[in-house]
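The values are calculated or read from the model by the stated rules, or taken from the named source; none is laboratory data. Computed from a predicted structure; not experimentally measured. Here the Cβ is made from the backbone with ideal geometry for all residues, glycine too, and neighbour counts use every protein chain on show.
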Amino acid sequence: MGWLCRPSNVEQTALNGEGVNPMQIQALSFEQLVGTVAVVLLLVGVYNTIMNAIKTAREEKRLKEQPVNTLEHTVDDHTKKLQNDHERITQLEESNRIIMRALMAVMSHEVNGNSTEKLQTSMDEIQKFLIER
């Protein structure tokens, strides 16, 4: 940083009114070039460091959210399947009730030799169930 604070030989020569040596101009230009390149490299390094930090933070956030999203999808899928299973079990229970009523009507008819109304009612329930299904 010393080259920024004190006047160079070229500046001192120009202030004294003496002629400027071409070698001194090249040295000054080289010093300025080196300083400028150093500053640019420093800025690029800072920029890369900041961008890497941001990229890393985004990647960590994505990785943290990924299991949550997968878990939510899995839970939603299980909820749908459980709901479908519940509906199916409810249908099977209704079917079993109708079959049991029909079986009881047949048994009652066999025992009593009568009860044709119960048999007709059971048959109507079975037909209604099969049609609505």
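What are the residues in the stretch 84-112 that are hydrophobic (A, V, I, L, M, F, W, C) and either surrounded by 11 or more Cβ atoms within 10 Å (Cβ to Cβ) or in contact (Cβ under 8 Å) with a residue 12 or more places away in the chain (or both), if any?
Filtering the stretch 84-112 for residues hydrophobic (A, V, I, L, M, F, W, C) gives 89, 92, 98-100, 102-107, 111.
Matches in the stretch 84-112: I98, I99, M100, A102, L103, M104, A105, V106, M107.
Test I99 against the criterion of being closer than 30 Å to E117 by Cα, at pLDDT 90 or above and in a helix (DSSP H, G or I), and give yes or no. Judged against the criteria, I99 is not a match. Summed over the stretch 113-125, the residues that are loosely packed, with under 14 Cβ neighbours inside 10 Å and on the phi > 0 side of the Ramachandran plot give a count of 1. Of E65, E31, all but one fail to be out of contact with any helix residue (DSSP H, G or I) (no Cβ under 6 Å at 6 or more places or on another chain), acidic (D, E) and either loosely packed, with under 10 Cβ neighbours inside 10 Å or part of a helix (DSSP H, G or I) (or both); the exception is E65.
Whether a residue is touching a Lys or Arg at 6+ places or on another chain (Cβ under 9 Å) and assigned to a helix (DSSP H, G or I) was assessed, and A53 does not pass this test. Applying the set (1) in a helix (DSSP H, G or I); (2) more than 37 Å from the chain's Cα centre (by Cα); (3) of a type outside the set (D, E); (4) loosely packed, with under 11 Cβ neighbours inside 10 Å to T70 leaves exactly one unmet item: (2). So for the stretch 49-60 (the condition being surrounded by 10 or more Cβ atoms within 10 Å (Cβ to Cβ), under 30 Å from E132 (Cβ atoms) and not charged (D, E, K, R)), does at least one residue qualify? No - not one qualifying residue is present in the stretch 49-60.
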